[in-house]
Amino acid sequence: MGFVVAIDGPAGTGKGTVTKIIAEKTGLINIDTGAMYRCVTLECLNQGVSAYEEEKIEKILENIDIKLTHDENMQKVYLNGIDVSEEIRKTKIDENVAKFSALKCVRDKLTPMQVKMGEMQDVIMEGRDIGTIVFPNADVKIFLDCSLEERASRRYKQNIKKGINESYDDVLKSMIERHKLETERKIAPFIKATDAILIDTSKMSIEDVVTKILEIIHERKKQL
Ligand code: DC
């Protein structure tokens, strides 16, 4: 196994941004596992398959090809050879991904792919179940948390920048729904690993969070 930093946390904690900066500063390979669940969701929706049609989803998973690449610090996501980096961030995917990612067949396909990625190289991997299921023995486990209101407010502002017109109340509502699905699902429910270090980012800047995690990584490396 390579050196593995697991970063788990709900949407809107700044997880993606923080992970990207730490990857740039440390040379760890950034793996956004949420992007992989988003790819499966996009492919199923493109083929007109809903989250209730598990047999059809299993067929799709047999041939799906998901690649995460890093060109000049830009992470790109390829689904069956096509760059879908932007498409997987659309509202349609936000609305459906929690349903697809709750399915056993989907997790059975993606989890081993993620394990393989961490075995081959030194990684910082972000998601919901990295410290609990994918890498229970990760070298560093961080759980980023943040108040629901702050998370919704951050996502609302991000949306405005992206030109997405969704009211704060709607953002809040969909966050609550997604969180419920993620934490109550039977397989790999989203919970904090008991040995993960909790960082509440509600009142912290991105820079502060990055500094704190870098300190934790340096401390851990000294022990190895
Ligand atoms: O981090 P994100 O918002 O891009 O994640 C998209 C969805 O994928 C989210 O609903 C939770 C799910 N997910 C998961 O179940 N397990 C992971 N390791 C990563 C994401």
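Here are the numbers:
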quantity	calculated
Residue identified as open to solvent by less than 40 Å² (accessible area, probe 1.4 Å), touching a Gly at 6+ places or on another chain (Cβ under 6 Å) and within 15 Å of the ligand (Cβ to nearest atom) among Ala152, Ala188, Ala196	Ala196
Pairs with Cβ under 8 Å, 6+ apart, first in segment 149-165 and farther than 13 Å from Lys203 by Cα, second among the basic types (Lys, Arg)	Lys162/Arg89
Test: residue in segment 111-126 that is surrounded by 14 or more Cβ atoms within 10 Å (Cβ to Cβ), assigned to a helix (DSSP H, G or I), free of Cβ contacts under 8 Å to residues at least 60 places away in the same chain and in contact with a Phe, Trp or Tyr (Cβ under 7 Å, 6 or more places away or on another chain)	no
Meets criteria (basic (Lys, Arg), open to solvent by 60 Å² or more (accessible area, probe 1.4 Å) and more than 10 Å from the ligand (Cβ to nearest atom)) for Lys76	no
Elements of type strands (runs of 3 or more DSSP E) in segment 1-80, at least 1 residues being farther than 30 Å from Lys203 by Cα	66-71, 74-79
Hits in segment 130-165 - residues which are touching a Phe, Trp or Tyr at 6+ places or on another chain (Cβ under 7 Å) and not in a helix (DSSP H, G or I)	Asp139
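The values are calculated or read from the model by the stated rules, or taken from the named source; none is laboratory data. Here the structure is a predicted model, which means the values were calculated and not measured. All Cβ positions, even for glycine, are placed from backbone atoms using ideal geometry, and neighbour counts span all protein chains on display. Heavy atoms of the whole protein, side chains included, go into the accessibility calculation; ligands, DNA and RNA do not. Shrake-Rupley method; radii C 1.70, N 1.55, O 1.52, S 1.80 Å.
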